[in-house]
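Working notes, structure below.
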Amino acid sequence: MSKHDLRHSSAPYSRLSPNPNHQNVVVLPVYYPRHNDNYRCLRHCLAFTSVILLLSAALFLLYPSDPTLELSRLQLNHVGVNTSPKLTLDLSFSLTIRVRNRDFFSLDYDKLVVSVGYRGRELGLVSSEGGRVRARGSSYVNATLDLDGFEVVHDVIYLLSDWAKGVIPFDTNTKVDGDLGLFLFKIPLK
């Protein structure tokens with residue numbers, strides 16, 4: 001093409017040759033796959049598993065477990081014998097009980113009343129005024145055990161047979177007024 005043709009043309013570049021054997025080449029930029037899309041499912045599964053594990057650990061640590069009780073001291077306060085209509089005993093004891101709390105929360109109680117039964121009959125009450133059972137530790141609780149109307153002949157025979165088996169099935173019903181302490185929080189307990 002001459003300069004004259006370039007001046008009169010509307011395009012400032014030369015025309016493509018009409019030869020169809022030429023190939024056009026398109027250059028594309030390098031494509032890097034996005035890792036976010038590839039690992040999205042894996043990240044969601046890991047996050048879900050982490051949340052489940054954290055909730056399970058919190059539930060394991062905060063779920064209440066039974067404290068272990070050990071009688072440290074027993075002192076007889078009062079003995080009364082009733083002969084009519086049946087032979088019964090009225091007994092009163094002062095108890096000191098060692099309570100080992102394995103939980104991560106403490107118990108501050110204002111009043112504690114435990115009804116003690118044996119073979120479907122109520123034997124007596126254990127009562128204690130205010131106190132504190134520490135978290136992850138041992139505490140001593142003072143209480144009074146009052147056994148009213150203990151039938152000597154009827155209950156002793158069954159008590160001795162259960163003792164020979166190695167298990168004495170006492171029934172207890174506990175009423176507690178106080179607060180559960182977890183870190184800085186106090187949860188009322190009735």
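Every read-out reported here was derived from the displayed coordinates using simple, explicitly stated rules and does not represent laboratory data. The structure presented is a predicted model; accordingly, all values stated were derived computationally and were not measured. Don't worry about glycine lacking a Cβ; one is built from the backbone with ideal geometry, like all the others, and counts go over all protein chains shown.
Data overview
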quantity: Size of electric dipole in the range 68-189: Cβ of Lys, Arg +1 and of Asp, Glu -1, about Cα centre, debye, nearest 20; calculated: 500 debye
quantity: Dipole axis of the range 68-189 (+1 Lys, Arg; -1 Asp, Glu on Cβ), positive-most option in Phe170, Ile187, Ser84; calculated: Ile187
quantity: Full-extension gain in nm, Tyr158 to Leu46, via 0.36 nm per residue minus C-alpha separation; calculated: 34.5 nm
quantity: Theoretical gain in end-to-end length, Phe104 to Leu59 [0.36 nm per residue, Cα-Cα removed]; calculated: 15.1 nm
quantity: Relative contact order [Cα under 8 Å, 6+ residues apart], the range 90-190, whole percent; calculated: 36 percent
quantity: Dipole-positive endmost among Gly120, Val133, Phe93 within the range 68-189 (Cβ charges, Cα centre); calculated: Val133
